[in-house]
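Q: Handing you this structure, nothing more for now.
Each value in this text was obtained by applying a stated rule to the coordinates, not by laboratory testing. No experiment lies behind these values; they were computed from the predicted model shown. Cβ placement follows ideal geometry from the backbone for every residue including glycine, while neighbour counts extend to all protein chains displayed.
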Amino acid sequence: MNVYDLAHNLARAIKENEYYKEFARAKKLIDGDAEAKKILTDFRNRQMEVEKARLLGQKPPADKMEALHKMQEIITANQKIKSYLEAEFKFGRLMADIQKIIGEGLDLFEKNA
């Protein structure tokens with residue numbers, strides 16, 4: 001079988017997976033709610049600012065950390081966003097597992113001695 005055909009089969013199988021379906025449903029709800037989408041975007045932007053500082057070896061400014069914590073509280077209280085992030089995490093873990101399986105099958109990763 002052609003590798004591209006197998007990739008298409010994998011994509012179809014992923015679409016049938018419950019984690020994908022849950023993520024797609026949650027994403028559709030977020031996409032249909034402008035306020036929730038804005039909150040999520042703001043949260044992600046604040047996360048990136050803090051992570052950027054850490055990657056540069058800097059301590060994130062206290063005001064940015066406080067703003068991020070406040071956003072986390074807002075998200076925790078918003079069931080739609082909370083459900084989306086949980087579904088996104090589960091789906092991301094599924095995709096990481098698949099990538100790991102493929103990588104191991106291709107001997108891309110160092111084996112533990």
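Q: In nm, to one decimal, how far is the modelled label at Met1 from the one at Phe109, with both set 7 Å along Cα→Cβ?
A: Using points 7 Å along Cα→Cβ, the separation is 2.3 nm.
Q: Shifting gears a bit: Suppose R0 equals 22 Å. What FRET efficiency, 1/(1 + (r/R0)^6) with r the Cβ-Cβ distance, do Ala77 and Asp31 give to the nearest 0.05? Intermediate results must be reported in sequence, preceding the final value.
A: Numbers: r = 20 Å, r/R0 = 0.92.
Approximately 0.60, to the nearest 0.05.
Q: Taking the convex hull of the alpha carbon atoms in the chain, what volume per residue do you get, in Å³? Please list the in-between numbers first.
A: On the way: hull volume 18.3 nm³, N = 113.
Once divided by residue count, the hull of the chain is 162 Å³.
Q: How big, in percent, is the set of alpha carbon pairs in segment 50-89 lying more than 11 Å apart?
A: Details: 520 of 780 pairs.
Here the long-distance tail beyond 11 Å is 67 percent of all Cα pairs in segment 50-89.
Q: Over 25 Å between Cα atoms, which of Lys21/Lys80; Lys38/Lys64; Lys28/Lys59 qualify?
A: Numbers: Lys21/Lys80 15 Å; Lys38/Lys64 18 Å; Lys28/Lys59 36 Å.
Going by Cα-Cα distance, Lys28/Lys59 fall outside the 25 Å limit.
Q: Quickly estimate the mean residue ellipticity at 222 nm for the chain, helices only: each DSSP H run with n ≥ 4 gives -39500 (n - 2.57), and the total goes over all residues, rounded to 500.
A: Details: 5 runs with 93 residues, N = 113.
Helices in the chain give a 222 nm mean residue ellipticity of -28000 deg cm²/dmol.
Q: Say the cut-off is 21 Å between C-alpha atoms; which of Lys37/Lys90; Lys37/Lys70; Lys52/Lys90; Lys52/Lys82; Lys37/Lys82 go over it? Numbers along the way, then the final one.
A: Numbers: Lys37/Lys90 19 Å; Lys37/Lys70 17 Å; Lys52/Lys90 24 Å; Lys52/Lys82 24 Å; Lys37/Lys82 12 Å.
In this structure, Lys52/Lys90; Lys52/Lys82 lie more than 21 Å apart at Cα.
Q: Here's another thing I want to ask about it. How much net charge surrounds Arg93 when only other residues with a Cβ under 14 Å from its Cβ are counted (Lys, Arg +1; Asp, Glu -1)? The partial results should precede the final answer.
A: Working: positive: Lys90, Lys100; negative: Glu18, Glu22, Glu86, Glu88, Asp97.
Local net charge: -3.
Q: Now for a separate question. List the aspartates and glutamates whose alpha-carbon lies under 13 Å from that of Lys100, not counting same-chain residues fewer than 8 positions away?
A: Glu110
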